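As structure tokens, the structure follows; a few thoughts come after it.
Since every read-out is calculated from the coordinates, none of them should be taken as a lab result. This structure is a prediction, so every number in the text was calculated from the model and none was measured. Neighbour counts are summed over all protein chains in view; Cβ atoms, including those assigned to glycine, are modelled from backbone coordinates with ideal geometry.
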Amino acid sequence: MRHYENLVIVKPTLTEEETKSQIAAIEDVITSNGGEIKICNDMGIRKLAYPIEKNARGYFYVIYFTMEPKNIAEIERRYRINEELLRFVTIKYDSKREVKAWDDLVAKTEKLSAKTPAPEKAPEAPAPTPEAEPAVEEKAPEAPATEA
């Protein structure tokens, strides 16, 4: 099994649901061809260096996985067919030095995903209390002074 990194750029014009389904399809292509996904890095929408198909932005998604080399051609063929992908690149990590770099990238991505967990429902803030008006001391009416 070889180590791979795959960056795909999905069209930014898709809705959030369509983008998620495209990402799920990409992951399914990898796993159905015998790949084992280690971790994914959802980078979100970013500005492109130059427009691609009149798009100035793209949805970036990085996948780190292991797979037999013979199946990479099928994965890239399926990416080329998918019209919702602007670009993709597959990087192979072959030598011991490269595999160590791959392991470091996976560890770094795990740390990033641990630091920024999925947004949870924020605890409800206490209901605002009406501001109390400053207390005014009420004085007892003074008795009229009698002169003697």
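A cut-off of 5 Å between modelled amide H atoms, ignoring neighbours fewer than 5 places along the same chain, links L86 with I9, V10, K11. Among the GluC sites (Glu not before Pro) in the stretch 1-65, those located in a DSSP loop and surrounded by at most 13 other Cβ atoms within 10 Å of their own Cβ are E53.
Candidate cross-link partners of K47 among the lysines, defined by an alpha-carbon separation under 18 Å and a same-chain spacing of 8 or more, comprise K11.
Here I81, I23, I9, I91 are placed in order of increasing Cβ neighbour count within 10 Å, fewest first, which gives I81, I91, I23, I9.
On full extension, the segment bounded by I91 and E76 gains 4.2 nm, given 0.36 nm per residue less the C-alpha separation. Computed extension length for E83-K108: 5.9 nm, one decimal, from 0.36 nm per residue of separation with the Cα-Cα distance subtracted.
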